[in-house]
Protein chains: 2
Amino acid sequence: MTTVKEVAKRAGVSTATVSRVLNDIPNVTPDARKRVQDAVQALNYRPSRVARRLRIKHTQVIGLIISDIQNLFFTSVTRGIEDIASRNGYSLILCNTDEDADRERVYLEVMHAENVAGIILASATETGHDPELLNGRIPVVALDRLITDVQLDTVLVDNVGGAETAVAHLLSHGHRRIGMISSQQQLTTAREREDGYGRALKEFGLPVEPSLIRKADVRQIADSRRQALDLLALPDRPTALFTFNNTTTLGTLTAIQERGLRIPDDVAVAAFDDLPWATLLDPPLTAVPQPTYELGKTAAEMLLARIANPHRPTTQNRLSLDLVVRESCGADHRPPDGVAQAV
Amino acid sequence: MTTVKEVAKRAGVSTATVSRVLNDIPNVTPDARKRVQDAVQALNYRPSRVARRLRIKHTQVIGLIISDIQNLFFTSVTRGIEDIASRNGYSLILCNTDEDADRERVYLEVMHAENVAGIILASATETGHDPELLNGRIPVVALDRLITDVQLDTVLVDNVGGAETAVAHLLSHGHRRIGMISSQQQLTTAREREDGYGRALKEFGLPVEPSLIRKADVRQIADSRRQALDLLALPDRPTALFTFNNTTTLGTLTAIQERGLRIPDDVAVAAFDDLPWATLLDPPLTAVPQPTYELGKTAAEMLLARIANPHRPTTQNRLSLDLVVRESCGADHRPPDGVAQAV
DNA sequence: ATGAAAGCGCTAACAC
DNA sequence: GTGTTAGCGCTTTCAT
C-alpha cells in the first residue's frame, strides 16, 4: 500500500503539500502540483479513507438500514434516497436487518464505527433502542416506521388514512365481512393500518372482529398465504380481504387462487402498497400506492438538512395516500362520468 | 466521543489493558477486567472502528456491489450472500450502481477505502476495470456477469443453456417467428442469452433475424414495454417472445396486454428469470428460474475461501438452469405421464 | 500480568 | 508557498 510519504518523496515535496494537492487546497505552485499528480499516477496511490477519517471525523457517506431488502417498497425508497444523496456528493451504503432487532443493532454499530455522516433507519422495532446510537453524534432519520423511545426526524405515510380509504371502498361495495392480513411483527405501520381498518368499519357501524385479522410474517409470501388460507377456511368466510403490504398481498392472492375462488365475485381484494405489475393481475388489483420515491427523497433531504444544522428542531413528515381503484373489488358502482352524483 | 484513554484512566489501568479486555486477550486479572468493563459501561464507551482498522488492516465486513437494487434477482442473491456472511461473522454492506460504470468505480473506491475484507461485484461492464481495484489487495468475486479484463473468481449461471432451452420450447410448440427483448446494456449475460436464442433457432434450421431482437434498458419496465410494442407492431408479427429478465418480462407482458393480445394464442411468452408471482399471472408464465440464493451463497463461499487463502487458483462456477413450463407458451404437447414417448 | 511507547496514514496548525 | 510536526484512537511489541 502506497502512502502519502512515498508520494511526497517521489514528488520531492512534503506530505503536507501532497495532502494539499489531493484536497484541492490553494497555495500550491502549479509545478509542485504537477509533480505530485505525476507521483500519484506513477505509484497508483490511493489515499486511505480510514486514515483520513480518523483525522477528519466526517464522511461523505450516508448509511441506510432497511428491514427487508427483498421488498420492492424498500428498494424503491432506496432509489429516492440515492438520487438525493449522490446529487449532493454522498455515497450510500445499505444494510439489511431482515426485521431482526439484533442485526439492526449490529448495523447501527457498524455505521457508527464507520463514522457515516448520517443514518436513515427503517427500524425493526418501535422501542428498545440504544439512545447513544440514535441520539448520539450521528444524525438519524426514522423512515416509514415511527420510533417512540427517541425523538427523531421522521418521514412516514398516512397509514391510518390509507387503510381507512381502502377498507371504506370495500364497504361501499357492500362487503360486511372484511378480513385483514396484517403483520405478525410489531410495527407501527401495522398498528396504524389496523387502526384505519377499524375506523372504516366503525363508520359503517360495524365492530372489529378479532378473528378476521390474521398476522403474517410480512417478509414471507408463504406465511401470508397460510394466514389467508385460514381466513378463507372460516365457516363464515369473509367476502373481502385487505392486505398489509405487497408481500401479504402476494400470499393472499396465491391463497385465493389455490382455493379456486374468483376475484372479486367470491372474494374481493384491496391492498395497501401497490405492485408495478398490479395491472397484469387478473383482475387488476385495487391498491393504495405508497409514494416510495418521494419518501426516500424526503428522508434524504431531512437528513442532509440535519447534517448541515444539527440543532434544528426535529420534524415529522407524513405523506398522504390515495386509493387506486382497479377491478379487484368489483365493478365501480359510482355514477359514470358526467352524471350528477345523486345520493 | 470517549476513547480508550478515558476508559483506562477511569479503570486505573493502561490503554493496553483496556485493549486486551476489549479484544478478549488472556493475561488480564479478573479484577482488572472487571474494572475495565465497568468503566466501559459507565462511560458508554464505543471503540472507534475507524481507528481500529487503521492499525488492524482488515475488517469483518464484506462489500456487495450490484447494478440494480430494484431487481428482485439481485436482492434475492443478496439474501444468499448475507446468510453465509453473517454465519461467518461478517457484516454486509451493499451499494447500487444503477448500471453506471462511473458509480461502480466510485463504490469500488469506497469499498477499498473502507478496507472491507472482500468484495462481491455484479459489474456494469465486462471490461474497462481498474486492475488495481479488482486485482489489488482486496479479494473480489465476480457475480452473475463475467469480467474479462481481470482474472477473478466467478460465479455465473448457464445463460446459453437456459436461453436455448426456453427458445427451443417455443420452437417445439410450432413457433417460427420468435422475438427477443434483450438488453440495451452491454452485458455478458445478454450476449450469452442471445447466443442461446440463436442456437435454438439454428437447431431448427432457422436463421437469426436481427430485426426480431430488440434491446431494452433492463432496469426499466417502461422501456421494455416500448421495445415489445415495436416488436408487436411489426408487419409480420412474431408469434412468440423471449425475454431477457424479469424487468423486460414485465414490460413485455404490459405491451401484450395493451395491444389486447391473448397469451399464448396470439403471442406466446417464455422468460429468462422467474417471478415469485408467475403463477398469479394469466396465464401463468413459463420461465427459466435462476438459483438466486444458491448464486449468492456460492459467491460468498468463494470469497470467504479466498480471504482465508489469497493464493488459491481462481475458479469459475457456472450453475445450471431448468425451464419451468407453465401455460404462457400454450398447452404442453408432450405425451401425458405414463404414456411411452413414441417418436 | 501490565504499562510505556511507537506507529497505522492522514490532515492541519504553525513556523518559516 | 511549503515543510515540520503533533496527533486522530487504536493495537502491539517490548520491557518490566
### Query
Going by the conditions given, is A:Ile65 among the β-branched types (Val, Ile, Thr) and either within 30 Å of A:Ser224 (Cβ to Cβ) or facing chain B (nearest Cβ under 9 Å) (or both)?
yes
### Query
Is it fair to say A:Ala142 is crowded, with 21+ Cβ neighbours inside 10 Å, out of contact with any helix residue (DSSP H, G or I) (no Cβ under 7 Å at 6 or more places or on another chain), under 14 Å from A:Gly63 (Cα atoms) and in the same structural domain as A:Gly63 (by TED's automatic domain parsing)?
yes
## Note on the structure
Among A:Arg191, A:Arg177, the single one that is within 19 Å of the chain's Cα centre (by Cα) and among the charged types (D, E, K, R) is A:Arg191
### Query
Residues in the stretch A:1-12 that are surrounded by 14 or more Cβ atoms within 10 Å (Cβ to Cβ) and away from DNA strand C (no atom under 11 Å from the Cβ): how many?
3
### Task
Name the single residue, out of those in the stretch A:276-291 being more than 10 Å from chain B (Cβ to nearest Cβ) and not hydrophobic (A, V, I, L, M, F, W, C), that is nearest to A:Arg262 (Cα to Cα).
A:Thr286
### Query
What's the number of the condition A:Asp24 fails, among (1) farther than 30 Å from A:Val288 by Cα; (2) away from DNA strand C (no atom under 12 Å from the Cβ)?
(2)
### Task
Scan A:Leu54, A:Leu92, A:Leu22 and give me the residue that is in contact with a Pro (Cβ under 9 Å, 6 or more places away or on another chain) and closer than 30 Å to A:Pro310 by Cβ.
A:Leu22
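Residues checked against (1) crowded, with 21+ Cβ neighbours inside 10 Å; (2) within 13 Å of another protein chain (Cβ to nearest Cβ); (3) without any contact (Cβ under 8 Å) to a residue 60 or more places away in the chain; (4) within 30 Å of A:Arg259 (Cβ to Cβ):
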position	(1), (2), (3), (4)
B:Pro210	no, no, yes, no
B:Lys215	no, no, yes, no
B:Arg225	yes, yes, yes, no
B:Leu232	no, no, yes, no
B:Arg259	no, no, yes, no
B:Ala268	yes, no, no, yes
B:Asp273	yes, no, no, yes
B:Pro310	no, no, no, no
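Using the structure shown, decide if B:Val116 is more than 7 Å from chain A (Cβ to nearest Cβ), in contact with a strand residue (DSSP E or B) (Cβ under 6 Å, 6 or more places away or on another chain) and not in a loop (DSSP other than H, G, I, E, B).
So B:Val116 does not fit the description; no.
Can you tell me which residue in the stretch A:27-44 is surrounded by the most Cβ atoms within 10 Å (Cβ to Cβ), limited to those that are of a type in the set (Gly, Ala, Ser) and either within 12 Å of DNA strand C (Cβ to nearest atom) or under 21 Å from B:Gly136 (Cβ atoms) (or both)?
So in the stretch A:27-44, the residues of a type in the set (Gly, Ala, Ser) come out as A:32, A:39, A:42.
Remaining after also requiring either within 12 Å of DNA strand C (Cβ to nearest atom) or under 21 Å from B:Gly136 (Cβ atoms) (or both): A:39, A:42.
Numbers: A:Ala39: 21, A:Ala42: 12.
Going through the qualifying residues, I end up with A:Ala39.
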### Summary
Of all helices (runs of 4 or more DSSP H) fully inside the stretch A:1-100, the set with 3 or more residues that are among the β-branched types (Val, Ile, Thr) and in contact with a Leu (Cβ under 9 Å, 6 or more places away or on another chain) is A:72-87
### Message
Where the second residue is more than 9 Å from DNA strand D (Cβ to nearest atom) and the first is within 14 Å of chain B (Cβ to nearest Cβ) and lies in the stretch A:1-12, which pairs have Cβ atoms under 6 Å and are six or more apart or on separate chains?
### Response
A:Thr2/A:Leu43; A:Thr2/A:Tyr45
### Message
Can you report the number of residues in the stretch A:92-111 which are within 11 Å of chain B (Cβ to nearest Cβ), over 14 Å from the mean Cα position of the chain (by Cα) and buried (at least 23 other Cβ atoms within 10 Å of the Cβ)?
### Response
5
### Query
Taking the stretch B:133-189 only, how many residues are touching a Gly at 6+ places or on another chain (Cβ under 6 Å) and over 20 Å from B:Pro207 (Cβ atoms)?
1
### Query
Which members of the stretch A:119-139 meet the condition of being assigned to a helix (DSSP H, G or I) and either closer than 23 Å to B:Val61 by Cα or aliphatic (A, V, I, L, M) (or both)?
A:Glu132, A:Leu133, A:Leu134
### Query
Only one of (1) at pLDDT 95 or above; (2) out of contact with any Lys or Arg (no Cβ under 6 Å at 6 or more places or on another chain) fails for B:Pro238. Which number is that?
(2)
### Message
Here is a check on your reading of the model: is B:Asp274 charged (D, E, K, R) and assigned to a helix (DSSP H, G or I)?
### Response
no
### Task
Name every residue in the stretch A:276-293 that is within 11 Å of A:Pro264 (Cα to Cα) and either touching a helix residue (DSSP H, G or I) at 6+ places or on another chain (Cβ under 9 Å) or modelled with pLDDT of 95 or more (or both), in order of residue number.
A:Asp282, A:Pro284, A:Leu285, A:Thr286
#### Entry: Residue check for B:Ala32: assigned by TED's automatic domain parsing to the domain that holds B:His311 and within 16 Å of DNA strand D (Cβ to nearest atom)
no
### Summary
Screening A:Leu43, A:Leu54 for residues that are more than 10 Å from chain B (Cβ to nearest Cβ), at pLDDT below 95 and over 29 Å from A:Thr247 (Cβ atoms) leaves only A:Leu43
### Task
Please state which of the following conditions B:Ser48 fails to meet, knowing it meets all the rest: (1) at the interface with chain A (Cβ under 10 Å from one of its Cβ atoms); (2) closer than 30 Å to B:Ala305 by Cβ; (3) more than 9 Å from DNA strand C (Cβ to nearest atom).
(2)
#### Entry: Subset tally (residues that are more than 9 Å from chain B (Cβ to nearest Cβ) and crowded, with 24+ Cβ neighbours inside 10 Å) for the stretch A:75-84
2
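The values are calculated or read from the model by the stated rules, or taken from the named source; none is laboratory data. Here the structure is a predicted model, which is why all the values come from computation and not from measurement. Cβ: placed from backbone, ideal geometry, glycine included. Neighbour counts: every protein chain shown.
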